[in-house]
Amino acid sequence: MILSDKLILEEIEKGTILIEPFIRECLGTNSYDVHLGKHLATYTGRILDAKAHNEVEHFEIPPEGLVLEPGVLYLGVTEEYTETHAHVPFLEGKSSTGRLGIDIHATAGKGDVGFCNTWTLEISVSQPVRVYGGMPIGQLIYFSVEGEIEVMYNTKKNAKYNERTIRPVESMMWKNKF
């Protein structure tokens with residue numbers, strides 16, 4: 001079940017959902033709009049290695065915006081810090097974002113119960129497009145969970161993305177054993 005606007009507000013009041021900053025006008029019928037933070041990153045190497053810690057270069061979107069180019073994977077971040085303690089959060093691109101040819105996540109649209117952080121975005125574009133810090137970029141949708149949670153994401157010993165950040169975080173695949 002997807003939470004409605006009223007249920008999202010109730011869960012915020014109970015403390016099971018936290019969105020900072022929370023702007024009431026960003027609450028839709030059954031989602032919450034999130035915005036592109038000013039920090040972006042790109043990988044410094046052309047070939048990425050799943051077993052290596054691939055380095056990134058961080059930079060900021062200037063006030064006049066930044067043109068994103070096809071063929072480059074940009075890591076972005078939401079302005080919003082979120083916590084979800086009883087629901088599964090899904091991050092989807094806004095239709096207006098998609099209609100500009102911007103894809104905000106390659107594979108990682110689902111969060112875990114207990115995820116507490118900003119959201120790193122895996123941004124790619126189909127043609128050059130200028131983006132701006134603070135622009136609406138996606139929407140969070142919350143799903144109910146059936147059954148008890150044994151281990152929340154923020155208490156998992158092997159959770160790779162628990163450190164609170166305002167900048168996008170590169171892949172931590174290299175921390176897996178394979």
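The values are calculated or read from the model by the stated rules, or taken from the named source; none is laboratory data. Just so we're clear, the structure is a prediction, and the values are computed from it rather than from any experiment. Here Cβ is always computed from backbone atoms with ideal geometry, including for glycine, and neighbour counts include all displayed protein chains.
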Pull out all pairs, ordered by first then second residue, where Cβ-Cβ is under 8 Å, the residues are six or more apart or on different chains, the first lies in the range 123-139 and is over 16 Å from Glu92 (Cβ atoms) and exposed (fewer than 15 other Cβ atoms within 10 Å of the Cβ), and the second is small (Gly, Ala, Ser) and at pLDDT below 95.
none
Can you confirm whether Phe178 is under 28 Å from Asp49 (Cα atoms), more than 14 Å from the chain's Cα centre (by Cα) and touching a residue at least 60 places away in the same chain (Cβ under 8 Å)?
yes
So which of Thr78, Thr120, Thr165, Thr97 is under 21 Å from Phe59 (Cβ atoms), in contact with a strand residue (DSSP E or B) (Cβ under 8 Å, 6 or more places away or on another chain), surrounded by fewer than 16 Cβ atoms within 10 Å (Cβ to Cβ) and touching a residue at least 12 places away in the same chain (Cβ under 8 Å)?
Thr165
By residue number, the members of the range 145-162 that are within 19 Å of the chain's Cα centre (by Cα) and surrounded by fewer than 12 Cβ atoms within 10 Å (Cβ to Cβ) are none
Could you list, in sequence order, the residues of the range 11-43 that are more than 18 Å from Gly134 (Cα to Cα), in contact with a helix residue (DSSP H, G or I) (Cβ under 8 Å, 6 or more places away or on another chain) and assigned to a strand (DSSP E or B)?
Ile17, Leu18
Check on His87, under 15 Å from Leu140 (Cβ atoms), surrounded by 15 or more Cβ atoms within 10 Å (Cβ to Cβ) and modelled with pLDDT under 95
no
Say we look at the range 95-137 and pick out the residues that are at pLDDT 95 or above and of a type in the set (Lys, Arg); which of these is nearest to Ile12 (Cα to Cα)?
Arg99
Among (1) modelled with pLDDT of 95 or more; (2) over 18 Å from Tyr32 (Cα atoms), which single condition is Tyr81 missing?
(2)
Of all residues in the range 49-63, count the ones that are of a type outside the set (A, V, I, L, M), part of a loop (DSSP other than H, G, I, E, B) and within 16 Å of Thr120 (Cβ to Cβ).
3
